[in-house]
Each structure stands twice: as structure tokens, then as C-alpha cells.
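The values are calculated or read from the model by the stated rules, or taken from the named source; none is laboratory data. Remember, it's a predicted structure, so these values are computed and weren't measured experimentally. Every residue, glycine among them, receives a Cβ derived from its backbone with ideal geometry; neighbour counts consider all protein chains shown. Areas reflect the complete protein model, heavy atoms only, side chains present, ligands, DNA and RNA absent. Shrake-Rupley method; radii C 1.70, N 1.55, O 1.52, S 1.80 Å.
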There are 2 protein chains.
Amino acid sequence: MVIIMTKHVYNFYAGPATLPLPALKKAQEELLDFQGTGMSLMEISHRSKEYAKMHAEASGLVKELMDLPDDYKIMWLQGGASSQFYMVPLNLQQKEKSMEYVNTGVWSKKAIKEGRFYGDVKVVASSEDENFSYIPNDIEFSDNAAFAHITGNNTIYGTEYHEWPKVSSNVPLTCDMSSHIMDKVIDPKKFGVIYAGAQKNIGPAGVTLVIVREDLFGRVPENTPTLQKWKTHAEKDSLFNTGPCWAIYMCKLSLEYLKSLGGVPAIEKINRKKAKILYDVIDNSSGFYRGHAKPASRSLMNVTFNLPTSELEAKCITEGLSRGMVGLKGHRSVGGMRASIYNAMPIEGVQALADFLKEFQEKNQ
Amino acid sequence: MVIIMTKHVYNFYAGPATLPLPALKKAQEELLDFQGTGMSLMEISHRSKEYAKMHAEASGLVKELMDLPDDYKIMWLQGGASSQFYMVPLNLQQKEKSMEYVNTGVWSKKAIKEGRFYGDVKVVASSEDENFSYIPNDIEFSDNAAFAHITGNNTIYGTEYHEWPKVSSNVPLTCDMSSHIMDKVIDPKKFGVIYAGAQKNIGPAGVTLVIVREDLFGRVPENTPTLQKWKTHAEKDSLFNTGPCWAIYMCKLSLEYLKSLGGVPAIEKINRKKAKILYDVIDNSSGFYRGHAKPASRSLMNVTFNLPTSELEAKCITEGLSRGMVGLKGHRSVGGMRASIYNAMPIEGVQALADFLKEFQEKNQ
């Protein structure tokens, strides 16, 4: 059977999002016969040695690429990052301590809402006053908070933390990195908990990477249903029950590709170049393109901007689509346009978009 | 690129399990380009019209194949059937009413354990006295139970309900059908809730099909975290947050194939033939093969049996493997051998196993 590969679009969707082409090709190649087993990866037992090897390799790649110390446990969970919105307070709560959050947009708010089911929540900083166009720089968490929660990158608004807020050593900094995990080098030791839905920067939908410093497993109340406890999953290397095998496999293939590029330090350089190409178009457009995010808070992953009128925005999205550039419509909370340029977006795609935007301005201003 | 398809084994794994070859081929064909989008299904937004169409088709197939009335809502959830072990009592609990279960094995016990986190649990019948080799026939649920829970097919022991226990009209019968959903025609109106991890009979791991009669959504306590409530998911057709897109897609392809065969009535006939082939080998072996399940409770899906000695069992498993028959080792709770012959197992695979078992007996008895 001959398969014709027609990868002819640049996909700027915010998530699920573009995946590395070599990862997709590998998945296609071995879809019917995983490593000589005569079966698809989707058909083999999660207790088989073939699956176990793949699963361990996926976790090993996360550990290696993020340079995680040994006391950080990696879990591959289901339910999306949204399920961590309740698993975080459930697993980290402490009697008579407040749970503290920074509100940088819709996803922070959703996290805050779930926190309130478990106890006293304090929102210590917010950028809601200017439609979440910046990351607050006056963040002060209490010294005795149960945990401090931030949303590392805000997909909708195109803002990203470029330095981490300070926390007292006994307060675990907890970060939703769904839309920028591994976009740049970080020091994992600054965090107690990192979680990320895979479908933006490291894989397909259906799996959430959760990384927890192991001293934090002891906090969860005894009378908690088994699968709601992180430690249930961590103790069994995410094999307490059948996991999202295919999604983990796709993460593995995607992370292998990231490693082949030189890992996170290498992709950070590329990401900074990619983002600069687009922000330069905005900044050199004499106001034709207006960035939503304030320059100091600009995201490397999601570039959000408006045009002079909503008619021009609609026209630009349609013309982009006709040139094979998909997913450029902004989120309804901000309007306008959004280009999501995750790790798997090649620099050629970003350059094609930049060229198109310059041309569009010339013709339409 | 030429892809050589080497589907040369018969896969008797209990789950994740064999999938229909036409479904796998279709997935392989369009892995890089889903229906002319130029993107993989894994890369397209769950809010795109292409994804929405596929998602609706998957749900439509479930409705059609199971002949579900309009007041039954279909959900594609994450977390495995094991997550339903807590979601069932959480969502169906009622003040001062007991939650009632039948204990037919390890998976029933796990469900019962999670029920106890939410209130008073009553186990009304059990087959633990004979290592779960039968389905109790003296099941009596209370007239005022909050719900009545059964495990429809017991993968480990090879037992299956062939008639459903009676419940009072106000008591929702709740069934874990993970290992036999759509193996035979059922009357869905007998049930309040049906749930099934996909990875045995309808798709890959990573998604759980949950079907709930809509009058039951009102029971969940107000102060419940958003994603733990069935109604959150049902109201948004399982698109409240990003779902396990690929796993749903594979279910769709697998159910399309089931429909092409003639749906559940047709597969039921095939399943009965397949099971009879293996049970006849056991029954005609003069005791060389001993079935674990009592004849009246025998499963159509999992055929469990022992040989005269554990050495012979090990030999039989190894020889089977050398002939391309994978996954025949029994679960440690029962020992011996297990052939899982789900909907996607072709009758040729079952016949090959039967022939091998007869030959093995001749040579080794």
C-alpha cells in the first residue's frame, strides 16, 4: 500500500496543535506493527514488556529533557490539565493554610474556582484590570500558604512568565505549563508541582504530564478516592490502571524529536527567533498590527494581535487559510488573531506567516 | 513510502486488545492527513468543524448500535472505568439510601471500595466463595437503593451475566460493561448507567464510554468539583475541556466496522460461535482442559481454563506464542490460561487456537 503524504499546511491552532512531522511519520510506519510484535501499540497489553519499555522511555525523556532531580516523580494522567485544577488543591491542601493563586486569565480563573471546593483561596495578584495583557510583577505569596499556583503561559492572551515569582522554601510553587512546557530552560527545583496537558507542546490530547516533588505526596487526606490521589499513580509509575497508552507513545516520539534537535536549550533559541520574527512584524507595522500582550510579558508560544477593524481581521484569517495557514483566529475573549507557534512549528511556517502579514498590510492599509 | 503490513499474530490479550484490522488500516492511511485537512487528527482543534463532525459520528454510532433511547446521554470520558468507580457513587448517591453492589471479582471489589468513600454500601450477593467462578442467581437489591451496581463481564474469571438482575423501577441498574459492551444485544432501558473502558471491545485505551439516563444528572451534590460531575460533560457533549480525541476517533473507526458487519445482532451470532468453538474443546477434552467458569456463567469474551499441571500450562502458552498466538496467560488470581476473544477477534483466530489446543492435548496427555 502506498501512502501519499501531503503535509502542506502550517497549523497555528492553539491546541490540539501541530506535531513534529518525523513523530507522525514514525507513528504511521509502525501503526500496524509496533516494533515487530505483529500488533499495533494500541493492541498490546499495558503490562507487556514491549509497552513497559516504551512507557519507561517516555518518562526517561521527560526527566532528561527537563533535567529533573531524582525526587521529582513523573506521572502520565488522564482528564486534562483541567482535572489538575481539582487534583492540585485536593493533594496539596493543609489545615488552616490558604491556597494562593495568581489570576492571569480564563485558565487561572478555572483553577481558582476548583480550589474553592477544598478550602480558603487567596488571589494574591491579577491582571484582569487590563484584560490580562500582562503578567503582574508585584506577586507576593504568603510565607505559610499551602501552595502558590500560577499559569505559566496564557494561551488566550499571549502572555508568559519570564521570571518566576518568589516563594518561601516551604511553599510549593505549582505551575500549569500546558501551553509552554519545555519551551525554554527552567530550573525545576523552583517548583513543587508542574503539570501540562500534552496537546499543545509535547503531544496529542488525552494525556497530562504531572511532575510532583515526592515529599508532597503525604498531604492528601486519607479518605480520598483512590484515583484522585497523585501518590496512587506515582507509586505505580502511572500504571495503577490502564493509561492513555497511545497518547504517551506520541509524547515519546515527539520528545525524541526534541532531543534530536538538541533538547530544550536548542528549542529555546529557535523559539526566541520564531517569536521575534512575528513580534518584529507587529512592532514595525506602524500600528497596523497591535499586539495584545505588553512587550515585557509577551509569550514565546502564542502571538496575539489585532488589526484596525474586525473586517480586516476576518479577511486576513481567510486569506491566510487560502495560503495554507490554519487556525489564526483569536480566542473570543481577545478577538483578532493568534498565531500559536509551539515547539513543533518550524521556523519556515513562522517566516511564511510573517511574509504574508507584511504583504497583507501593504495591500490593505 | 511503501508500508508493509505484517499482521501475522492472533492477539488474545485481555485489554488493551485486538482491534479490527480495517480500522487500523484506515487510521494509518489518514494519520498524516485527516480527510484532506493536511493535518493529522491529533493536530486539529477539538473546536474545529472537522473534529466536531467526527466526534458526533462516534456518538451517533454508539446510539445506533446500542439502540439507545433519546433520554440516554453518551459521554467520552478520561480516567478509565476505574474513575467511574468513584464517579458512580459520587453522581448517584442519595441521602439515607444505601448503594448496593454484587461482588463478582476483583473489579467489583474495586468498585465497592470506592463506593464506601461516599456512603453506606451493601454487598447483596457474592461469588467469592468459589473464586468467582459463577454469577450469583439469587441477587436481590433493595427497593430503595440509591443504585444497584454489577460488573457485567468478569475478565479475570471468564464469567458473564446472561440475564440481568431485577431492580425496582426507581433503582438505576448500573453496569460496568468494560469487557463486553456490544458483545450481544441488550435492552438499554433496563439500565440507568452503563460504562466501559474502551480498550477491550470498542477501541484503544485512553477513553471510557459512559451512558447515563438523563434524569440521573440531578443527584450530584452542588459542591462537587466541576469535572467530577457527569452533567458537566454531558451538557457539552464531552467537549467541556479537550478530550481524548484520538481514542474517540479509533472507537469511531472500530464501531464503523462493527456496523458494516451487521451491528450487534450480527456480532452476537459470531461471538456465540467463537465461544462455542473453545468451550467445546474444553468440554470434549475429558478433563485435560478444565474451564474455570461454571457453564451457566461462561463468558462470550474471556475463556478461562487450566491444564493438568502448571508446567503444561507454561508449555502450552509458549508453544502458542511460537505459532503467533499472543496473550494466552491467565490472570494470576486464577492461573492457567485465558483466551480473550472480543468482537475484533476473527473466527479464524479462535479456530486456530482450538486446533492448536486439540493438537497440544494429543501430544501431551
TODO: Kindly list the number of the only condition in (1) in contact with a Gly (Cβ under 8 Å, 6 or more places away or on another chain); (2) crowded, with 24+ Cβ neighbours inside 10 Å; (3) β-branched (V, I, T) that fails for A:I156.
DONE: (2)
TODO: Pull up the stretch A:169-184, narrow it to residues that are among the β-branched types (V, I, T) and buried (at least 24 other Cβ atoms within 10 Å of the Cβ), then point me to the one that is farthest from A:R213 (Cα to Cα).
DONE: A:I181
Task: Subset of the stretch B:267-303 that is part of a strand (DSSP E or B) and within 20 Å of the chain's Cα centre (by Cα) - its residue that is nearest to B:P20 (Cα to Cα) - done: B:N302
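Does B:L31 satisfy the criteria of being at the interface with chain A (Cβ under 9 Å from one of its Cβ atoms) and farther than 19 Å from B:K229 by Cα?
On the way: at the interface with chain A (Cβ under 9 Å from one of its Cβ atoms): yes; farther than 19 Å from B:K229 by Cα: yes.
Answer is yes for this residue.
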TODO: Name the single residue, out of those in the stretch B:94-104 being assigned to a strand (DSSP E or B) and not β-branched (V, I, T), that is nearest to the other protein chains (Cβ to nearest Cβ).
DONE: B:M99
Open item on the list: Checking the structure you have, find out if any residue of the stretch A:250-267 is within 14 Å of chain B (Cβ to nearest Cβ), among the small types (G, A, S) and touching a helix residue (DSSP H, G or I) at 6+ places or on another chain (Cβ under 7 Å).
Closed with: yes
Task: Number of the exception - B:S333 against (1) closer than 20 Å to A:S45 by Cβ; (2) not in a loop (DSSP other than H, G, I, E, B) - done: (2)
Task: Filtered residues of the stretch A:319-365 (kept if of a type in the set (A, V, I, L, M) and either on the phi > 0 side of the Ramachandran plot or free of Cβ contacts under 8 Å to residues at least 12 places away in the same chain (or both)) - done: A:L321
- [ ] State which residue pairs qualify: first residue in the same structural domain as A:E359 (by TED's automatic domain parsing) and under 12 Å from A:K363 (Cβ atoms) and inside the stretch A:307-318, second residue modelled with pLDDT of 95 or more and of a type in the set (A, V, I, L, M, F, W, C) in any location, beta carbons under 7 Å apart, and separation of 6 or more residues or different chains.
- [x] A:C316/A:L307; A:C316/A:M337; A:C316/A:F360
Open item on the list: With the structure loaded, tell me whether A:D187 is surrounded by fewer than 24 Cβ atoms within 10 Å (Cβ to Cβ), of a type in the set (D, E) and modelled with pLDDT of 95 or more or whether it fails that test.
Closed with: yes
Open item on the list: I'm trying to understand the selection: among the residues of the stretch A:34-51, which are more than 7 Å from chain B (Cβ to nearest Cβ), free of Cβ contacts under 8 Å to residues at least 40 places away in the same chain and not hydroxyl-bearing (S, T, Y)?
Closed with: A:F34, A:Q35, A:G36, A:K49, A:E50
TODO: Find the residue count for the stretch B:136-153, including only residues that are within 27 Å of B:G336 (Cα to Cα) and open to solvent by 20 Å² or more (accessible area, probe 1.4 Å).
DONE: 1
TODO: Return yes when A:S285 is in the same structural domain as A:F360 (by TED's automatic domain parsing) and either under 30 Å from A:S310 (Cα atoms) or in contact with a strand residue (DSSP E or B) (Cβ under 7 Å, 6 or more places away or on another chain) (or both) and no when it is not.
DONE: yes
Open item on the list: Can you confirm whether B:W107 is within 13 Å of chain A (Cβ to nearest Cβ), in contact (Cβ under 8 Å) with a residue 24 or more places away in the chain, of a type outside the set (K, R) and closer than 30 Å to B:P295 by Cα?
Closed with: yes
Task: Qualifying position, being under 23 Å from A:V264 (Cα atoms) and of a type in the set (V, I, T), among A:I156, A:I202, A:I112, A:I139 - done: A:I202
Open item on the list: Can you find, within the stretch B:1-14, the residue that is farthest from the other protein chains (Cβ to nearest Cβ) among those that are open to solvent by 10 Å² or more (accessible area, probe 1.4 Å) and modelled with pLDDT of 95 or more?
Closed with: B:Y10
TODO: Please verify whether the stretch B:344-362 includes one or more residues that are assigned to a loop (DSSP other than H, G, I, E, B), at pLDDT 95 or above and touching a helix residue (DSSP H, G or I) at 6+ places or on another chain (Cβ under 8 Å).
DONE: yes
- [ ] Return only the number of the condition from (1) touching a residue at least 24 places away in the same chain (Cβ under 8 Å); (2) farther than 22 Å from B:V9 by Cα that B:P295 does not satisfy.
- [x] (1)
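If I go through the stretch B:320-358 residue by residue, how many of them are of a type in the set (D, E) and in contact with an Asp or Glu (Cβ under 9 Å, 6 or more places away or on another chain)? Spell out how you get there, then give the answer.
Pass one, the stretch B:320-358, residues of a type in the set (D, E): B:348, B:355.
Filter once more, so that each one left must be in contact with an Asp or Glu (Cβ under 9 Å, 6 or more places away or on another chain): none.
So the answer is 0.
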Task: the stretch B:263-292 residues that are under 18 Å from B:G158 (Cβ atoms) and modelled with pLDDT of 95 or more, paired with ones that are crowded, with 20+ Cβ neighbours inside 10 Å and among the basic types (K, R) (beta carbon under 8 Å, 6 or more apart) - done: B:A275/B:R298; B:Y279/B:R298; B:G291/B:R298
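Condition check ((1) of a type outside the set (A, V, I, L, M, F, W, C); (2) open to solvent by 20 Å² or more (accessible area, probe 1.4 Å); (3) within 14 Å of chain A (Cβ to nearest Cβ)) across all residues:
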{"site": "B:I194", "(1), (2), (3)": "no, no, no"}
{"site": "B:G197", "(1), (2), (3)": "yes, no, yes"}
{"site": "B:N201", "(1), (2), (3)": "yes, no, yes"}
{"site": "B:P204", "(1), (2), (3)": "yes, no, yes"}
{"site": "B:L227", "(1), (2), (3)": "no, no, yes"}
- [ ] Among the residues of the stretch B:241-269, write down those that are buried (at least 18 other Cβ atoms within 10 Å of the Cβ) and among the hydrophobic types (A, V, I, L, M, F, W, C).
- [x] B:C245, B:W246, B:A247, B:I248, B:M250, B:C251, B:L253, B:L255, B:L258, B:V264, B:I267
